[in-house]
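The values are calculated or read from the model by the stated rules, or taken from the named source; none is laboratory data. A quick note: this is a predicted structure, and the numbers were derived from the prediction, not measured. Positions of Cβ are generated from backbone atoms using ideal geometry, with glycine treated the same way; all protein chains shown enter the neighbour counts.
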């Protein structure tokens with residue numbers, strides 16, 4: 001797909017405006033649609049000075065907490081391989097720390113109640129120690145585990161150690177071999193490599209710069225160590241949009257993007273939540289997932305629309321600014337105004353399913369069963385108890401709910417002795433072709449005198 005030149009010009013102008021208004025030394029951004037980078041732009045120089053080396057989409061920036069999404073995916077891969085359960089306590093796998101009684105799921109979703117930062121010096125600006133040092137430090141419980149969302153960088157240091165214990169190598173080696181190399185993300189590293197931006201702070205009251213330190217965060221590195229480029233993070237956005245290259249199942253990716261704990265800000269509506277490694281947002285009914293990132297000298301953002309897969313990545317080398325969040329939203333909105341390619345309709349349905357389509361009755365209420373792609377749709381998903389159902393196995397008689405009230409619930413096709421469909425059994429509710437069909441084995445029976 002090639003963007004309309006007018007759309008690309010608007011995107012370039014928005015990026016340039018953000019760089020100037022936000023006083024960003026440099027900024028790069030990219031948009032993903034259909035699983036590939038369809039636009040990228042860069043403004044500014046790597047050292048923030050006139051005549052300096054200019055940024056581009058292959059310039060590395062520190063991604064900060066977007067690192068956590070890579071750690072989270074690797075943990076879920078362990079779960080899918082049967083090597084752990086998300087309900088396991090951390091100490092079941094990594095004994096000897098104050099985090100022991102917190103579950104793996106709670107660490108992934110920041111619901112363990114664990115303190116946000118380390119007890120030592122500001123870990124983001126000072127070299128970090130090893131796991132033994134981190135584990136020996138007391139980890140304060142700010143809240144009862146499972147009670148609420150409380151962001152914890154310490155918790156992701158622990159999850160990095162979990163990966164090391166299971167794989168026998170460093171957490172970064174796990175991420176590299178399991179994700180980065182298979183996805184072709186060759187410019188994502190734990191320390192700056194090749195063309196990389198200098199981390200900078202911009203004075204709040206003058207146009208002068210201060211270099212920020214760069215270091216190895218040690219055991220805290222899984223919370224925010226990785227460096228990357230727009231090109232590489234564009235591939236990661238495509239991964240989140242569903243192009244996982246077989247490295248993660250669609251069901252597991254969807255599970256990671258479910259809102260496990262809302263981010264509750266007093267006096268504010270709930271628009272954000274946290275899944276398993278991914279942040280989740282609900283913006284006027286539209287669901288997004290991704291993550292933000294910040295380290296001294298750098299800010300980063302990744303956001304993908306879960307319905308459709310359009311995504312945006314942003315990277316800049318400044319410590320603080322107010323323009324980056326709105327920049328990502330604006331770029332994504334501009335992409336949304338560009339019509340996406342429309343795949344032509346073709347007849348691809350299974351005639352064997354026609355015996356299930358049409359009108360059904362749950363008691364006196366009327367609903368319709370239809371087929372959309374591979375799904376049986378009963379009613380209107382998002383309205384009442386409407387839901388989509390996916391086929392279980394190779395036959396046509398067993399289905400499982402995908403939406404709302406019936407998520408995970410079974411739907412069975414019950415047949416008569418001659419093989420014809422008698423009724424549908426949906427989580428014990430009976431759906432019959434006519435209201436309270438006495439031949440539909442309606443629980444409680446049907447009055448012998450019938451309707452009157």
Entirely in segment 359-452, the strands (runs of 3 or more DSSP E) that have 2 or more residues that are farther than 30 Å from residue 285 by Cβ: 410-415, 421-426
Candidates 139, 116, filtered to the one that is touching a strand residue (DSSP E or B) at 6+ places or on another chain (Cβ under 7 Å) and part of a loop (DSSP other than H, G, I, E, B): 139
Can you find even one residue in segment 398-410 that is touching a residue at least 24 places away in the same chain (Cβ under 8 Å), on the phi > 0 side of the Ramachandran plot and either assigned by TED's automatic domain parsing to the domain that holds residue 254 or surrounded by 15 or more Cβ atoms within 10 Å (Cβ to Cβ) (or both)? no
So is residue 101 touching a residue at least 12 places away in the same chain (Cβ under 8 Å) and within 30 Å of residue 170 (Cβ to Cβ) or not? yes
Condition first: assigned to a helix (DSSP H, G or I), in the same structural domain as residue 177 (by TED's automatic domain parsing), out of contact with any helix residue (DSSP H, G or I) (no Cβ under 8 Å at 6 or more places or on another chain) and surrounded by 18 or more Cβ atoms within 10 Å (Cβ to Cβ). Can you find one or more residues in segment 89-102 that meet it? no
Of the listed residues (194, 218, 168), the one being out of contact with any strand residue (DSSP E or B) (no Cβ under 9 Å at 6 or more places or on another chain), in contact (Cβ under 8 Å) with a residue 12 or more places away in the chain and on the phi > 0 side of the Ramachandran plot is 218
Tally the residues that are out of contact with any helix residue (DSSP H, G or I) (no Cβ under 9 Å at 6 or more places or on another chain), free of Cβ contacts under 8 Å to residues at least 40 places away in the same chain and assigned to a strand (DSSP E or B), restricting the search to segment 28-65. 2
For the structure I just gave you, tell me whether residue 379 is surrounded by 13 or more Cβ atoms within 10 Å (Cβ to Cβ) and touching a strand residue (DSSP E or B) at 6+ places or on another chain (Cβ under 7 Å). yes
Can you name every residue in segment 335-349 that is part of a loop (DSSP other than H, G, I, E, B), surrounded by 10 or more Cβ atoms within 10 Å (Cβ to Cβ) and without any contact (Cβ under 8 Å) to a residue 40 or more places away in the chain? 349
